[in-house]
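No value in this document is a laboratory result; all are computed from the given coordinates. This structure is a prediction, so every number in the text was calculated from the model and none was measured. Cβ placement follows ideal geometry from the backbone for every residue including glycine, while neighbour counts extend to all protein chains displayed.
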Amino acid sequence: MIRILALISSLFMTQFVLANEDMNQWFEELKASGNKQDLYKVLYAMPKGGDLHAHNTGSIFSEWMFELALEQKANGYVYYTKTKINNCRPYGGNEHYQPYLMYFKTIQASNWQMLDDCEKAEYKLLTDLNKQEKAAWQNSIRLDKPHEGREEFFSMHWQRMADLVSNPYLVAESVVRNIKAFSAEGLMYMEPDYSVTGYLNADGSATPRETVIKIVRERLSQSDVIETGMIVRFQMAILRFLPSSLDQLKMAYQFVAANRDLWVGLDMVGREDDDKGHPARFLSTMRELRRQYHSVNLSIHGGEVDEPNSHVRDTLTLGARRIGHGVNLITDPDLMLIMRDGPALIEINLISNLLLDYVDDYSQHPFPEYLRTGIPVALSTDDRGMWDSTMTDEFFVATTEFNLSWDEIKQLNVNSLKYSFVDEDTKQKLLTHYDKRVISFEETMTREGMKSLRAVDPDIRSFICKEYQLCTLK
């Protein structure tokens, strides 16, 4: 029996090696052909691992957001959006977080009712927008203009969404939209941020945390989600630069420790160029929490800045197992040497880093240096709703700009599962399933070529159309 099992294993490995060698050659020939439509279709159809760095409310495509907002009438929510500025109040006050001079801030009816008559007149029912206003509303929460960048994203996008992302039903449904879209792209696993505080009922009262949890759990248990086969886990996010961040950290740590079946980690997010969020601020509190709780996974944005600093190094000191972005790690060669072969992974967000001006072009991006010096990396989407992009776009950018080999693409996908925060049994099942899927894909592609993908219909978004003139695969 042992000899039979050994023979089966040997035959499987031989099949795997031959399929892999053939696929490597086939993929190199595909890249050399210059046919970007075929390349994109292959990257869309190929099996993928997971997305480890995604902010759920930033991953909602604009047209989805509009549709979801209108659907919420069934749950009692009605929305108004700002289409005029009547100079009802002087500029000033807390403009950084609640800018007055800003179109298309969207609020629910309970908050609209609290405005004075002058400000009420600035708003229009979302259902009453004309075609031009609807298009402008959708464009207002994505980076669609050349002059838009970091400030538009951090200081306008989130503020415009306002009460939309305080609706627990809308947010839960947005996760389902992404589950289905990612599954169609061939992903097996998602680990987005999903917070459980700050939600509002339709009457404006606070939604209890237990209700928020119940809503998302029940939605994920429905058949349309289960049928995708997608494994979904969440991280609890805290904004690192707020005065209350230390208290948020304690609450989030406790919550993850008590809800490990669905929330598998803690993610410290927020722009790093706000110096109130520097990692060392949290060290004492983190050590206190580790004395009370065990096995809470930690991911922290680090190195998403223009200048050299110690944030990536400090983030590792805090105990992070994954580093979000890590763009300026390249300025610390000693730390790069330490990070070769793990144990921490860098979550790479190519499209985000370009659109938010952390690199002027991809020749400045350190991703290939990390990848090819043995630092664990994986591609991720960050706030793809605001970039209007997909996971396939991330792989297309990486392959086009950095000449990825087929083996490198597979390693990126394996890393996205290997460094996930999911429990070990599920992780091993995901890795095994990925291996089987990719072998089958390689065999099909090397045997049948592009004709095997005739029925594949990728979702082409505006980023890949504008940046690479890939607007149709017809």
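Which of the GluC sites (Glu not before Pro) found in the stretch 183-227 are loop residues per DSSP with 12 or fewer other Cβ atoms within 10 Å of their Cβ?
Sites meeting the loop and neighbour criteria: GLU227.
Quick one: Debye curve from the alpha-carbon atoms of the stretch 376-474 only, equal weights, vacuum; give me log10 I(q)/I(0) at q = 0.16, 0.17, 0.18 Å⁻¹ to two decimals.
So the normalised log intensities work out to -0.89, -1.00, -1.10.
Give me the net charge of ALA280's neighbourhood, meaning all other residues with Cβ under 14 Å from the Cβ of ALA280; Lys, Arg count +1, Asp, Glu -1.
Local net charge: +2.
Straight distance only, please: which aspartates and glutamates reach the Cα of LYS31 with their own Cα at less than 19 Å, same-chain residues fewer than 8 apart left out?
Excluding near neighbours in sequence, the set is GLU21, ASP22, ASP393, GLU394, GLU401, ASP407, GLU408, GLU442, GLU443, GLU448, GLU467.
Whose amide H sits under 5 Å from the amide H of ILE375, counting only residues 5 or more places off or on another chain, with H placed in the peptide plane?
For ILE375, the qualifying residues are ASP341.
Return the equivalent ellipsoid semi-axes of the chain as a descending list in whole Å, where each equals the square root of 5 times an eigenvalue of the C-alpha gyration tensor.
Equivalent ellipsoid semi-axes, largest first: 38, 26, 23 Å.
Please go through the stretch 299-408 and write out the trypsin sites (Lys or Arg not before Pro) that DSSP classes as loop and that have at most 12 other C-beta atoms within 10 Å.
Within the stretch 299-408, the qualifying trypsin sites (Lys or Arg not before Pro) (loop, at most 12 other Cβ atoms within 10 Å) are ARG340.
In percent, how large is the relative contact order of the stretch 379-473, given Cα pairs closer than 8 Å and 6 or more residues apart?
About 27 percent, as a whole number.
Which net charge results for the neighbourhood of ASP306, defined as the other residues with beta-carbon distances under 9 angstrom from its beta-carbon, given Lys and Arg at +1 and Asp and Glu at -1?
Every neighbour counted, the sum reads -3.
Take each uninterrupted DSSP H stretch in the chain, measure its Cα extent along the helix axis, and return the ones at 27 Å or beyond whose mean Kyte-Doolittle hydropathy is at least 0.0.
2-33
Using only the alpha carbons, work out the radius of gyration and Dmax of the stretch 281-331 in angstrom.
Every Cα atom of the stretch 281-331 included, Rg and Dmax give 11.8, 36 Å.
How big is the Kirkwood radius of the stretch 78-161, worked out from every pair of different alpha carbons and given in Å to one decimal?
13.4
Using a 10 Å cut-off around each Cβ, can you sort ARG260, ARG281, ARG89 from fewest to most neighbouring Cβ atoms?
ARG89, ARG260, ARG281
Order these by the 10 Å Cβ neighbour count, fewest first: ARG217, ARG454.
Listed from fewest to most nearby Cβ atoms, that is ARG454, ARG217.
Please give the net charge around LEU371, taking every other residue with its beta carbon less than 14 angstrom from that of LEU371, where Lys and Arg add +1 and Asp and Glu add -1.
-4
Between the DSSP loop rule and a limit of at most 16 other Cβ atoms within 10 Å, which chymotrypsin sites (Phe, Trp or Tyr not before Pro) in the stretch 254-302 are left?
Passing sites in the stretch 254-302 are TYR293.
Highest mean first, how do 29-41, 435-447, 408-420 rank when packing is the count of other Cβ atoms within 10 Å averaged over residues?
So the order, starting with the most tightly packed, is 408-420, 435-447, 29-41.
Which value in deg cm²/dmol, rounded to the nearest 500, describes the helix-derived mean residue ellipticity at 222 nm for the chain, given -39,500 (n - 2.57) per DSSP H run of n ≥ 4 and division by the residue count?
The per-residue figure over the chain is -13500 deg cm²/dmol.
Any of LYS120/LYS276; LYS180/LYS410; LYS41/LYS429; LYS214/LYS427 with alpha carbons more than 29 Å apart? Name them for me.
LYS120/LYS276
By DSSP, what percent of the beta bridges with both residues in the chain are antiparallel, rounded to the nearest 5?
Looking only at bridges with both residues in the chain, the antiparallel portion is about 20 percent.
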